[in-house]
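Here's the structure, in structure tokens; my notes come after.
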Amino acid sequence: MAEEQAVLYGVEEGVATVTLNRPERRNAFTPAMLQALRDRFVEAGQDERVRAVLLTGAGKGFCAGQDLSIFGGIPTPDAVRDVVLNYYRPLIESICHLEKPVIAAINGVAAGAGASLALACDLRVMAEDASILMAFSNIGLVPDAGASWFLTRLVGYSRAYEIAISGERVPALRCLELGLTNRITATDALLADAQQWVRYLAQRPTVALGLTKRVMLQATGQDLAAILVAEAELQTQATTTADHREGITAFVEKRHPVFTGR
Ligand code: LHQ
């Protein structure tokens, strides 16, 4: 399959849908695919029509992480450093810098850097037979693409460490208990449920949702004093939006607000 088809992209009803599309390889990443994926997230951030993003995988898996067959054997240390720093890092940053909600619809196993990708999204819904697999330790590697940052923040250090070193799949139900996924759903209903959720969010006040993402990600790494100041700044910014005016007006007029994302 041509690399340009390995990431599908479409915009409809305010939602950008990004689909990993190498199903015969469980959507394992090639460098070109990582670059295309990152470009799509940047594009979704810049496109004013897009107010929320849905990420999913074609076929049985969500993403098997790094394609281990592309190195022509054991990857050299320099090759690994290059791909982690120059391909995975910009991809993960493109999701965190995209100030719109990004939902991962996890349709099958999310393994290795595929798990990192899923965890870098803001929200997750998993098919009931899907799973998260920190596959790194199975091949003698450490978590990369942000997995150690996201996992420790989501479930705490000790549970994160247990998951990382066990090399076993964490099934959807356990992910729900641990807070690794927001929702689980019947496998047949995954896409429809995820679309309903993302379309709902695409009707919400987009700027406020984006600024909320910014300050909450900032809050994971800063103290209260800094965050109280950051909130004041962002709140000031939010009050200048049309959606803020619409929200107040609709409340006073006792009707549902119609947000435009501006
Ligand atoms: C694959 C892959 C794959 C190639 C399935 N590559 N073909 C690491 C190193 C260097 C640089 C940077 O970053 C990283 C970060 C990482 O991501 S390290 C972790 C890499 N990923 C893995 O170790 C996962 C390896 N795969 C698996 O454990 C299983 O395949 C999973 C659990 C993903 C899926 O299991 P099943 O659903 O049972 O499918 P399968 O194993 O039968 O796979 C289907 C096909 O996909 C198969 O090919 P074949 O020709 O036999 O049909 C696999 O070889 C291929 N495939 N993952 N990562």
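The values are calculated or read from the model by the stated rules, or taken from the named source; none is laboratory data. Given the structure is predicted, the values throughout are model-derived calculations rather than measurements. No Cβ is skipped: glycine too gets one built from the backbone with ideal geometry, and neighbour counts run over all protein chains shown. The accessibility values were calculated without ligands, DNA or RNA, using every heavy atom of the protein model including side chains. Shrake-Rupley method; radii C 1.70, N 1.55, O 1.52, S 1.80 Å.
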task: May I ask you to list the residues in segment 190-207 that are buried (at least 20 other Cβ atoms within 10 Å of the Cβ) and in contact with a Ser or Thr (Cβ under 9 Å, 6 or more places away or on another chain)?
output: 190, 194, 198, 205, 206, 207
- prompt: Identify, please: which residue in segment 1-13 is surrounded by 15 or more Cβ atoms within 10 Å (Cβ to Cβ) and within 18 Å of residue 87 (Cα to Cα) and is, among those, nearest to the chain's Cα centre (by Cα)?
  reply: 7
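Output the number of residues of segment 134-162 satisfying the condition of being near the ligand (Cβ under 8 Å from one of its atoms) and either more than 16 Å from the chain's Cα centre (by Cα) or surrounded by fewer than 20 Cβ atoms within 10 Å (Cβ to Cβ) (or both).
5
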query: Quick one: how many residues across segment 227-256 are open to solvent by 100 Å² or more (accessible area, probe 1.4 Å) and of a type in the set (D, E, K, R)?
result: 4
Complete set of residues in segment 58-111 that are open to solvent by less than 60 Å² (accessible area, probe 1.4 Å), free of Cβ contacts under 8 Å to residues at least 24 places away in the same chain and in a helix (DSSP H, G or I): 79, 80
message: Among the residues in segment 84-94, are any within 9 Å of the ligand (Cβ to nearest atom), closer than 26 Å to residue 202 by Cβ and out of contact with any Asp or Glu (no Cβ under 6 Å at 6 or more places or on another chain)?
response: no
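If you go through segment 14-32, how many residues are within 16 Å of the ligand (Cβ to nearest atom) and buried (at least 24 other Cβ atoms within 10 Å of the Cβ)? Spell out the reasoning first.
Just the residues of segment 14-32 that are within 16 Å of the ligand (Cβ to nearest atom), to begin with: 20-32.
Add one more test, that the residue is buried (at least 24 other Cβ atoms within 10 Å of the Cβ), and what stays is 20, 27, 29.
Residues that pass the stated criteria total 3.
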- line: Considering segment 40-50, residues that are open to solvent by 40 Å² or more (accessible area, probe 1.4 Å) and without any contact (Cβ under 8 Å) to a residue 40 or more places away in the chain, and then whichever is farthest from the ligand (Cβ to nearest atom), we arrive at 49
Of the criteria (1) in contact with a Gly (Cβ under 6 Å, 6 or more places away or on another chain); (2) free of Cβ contacts under 8 Å to residues at least 40 places away in the same chain, which one residue 26 fails: (2)
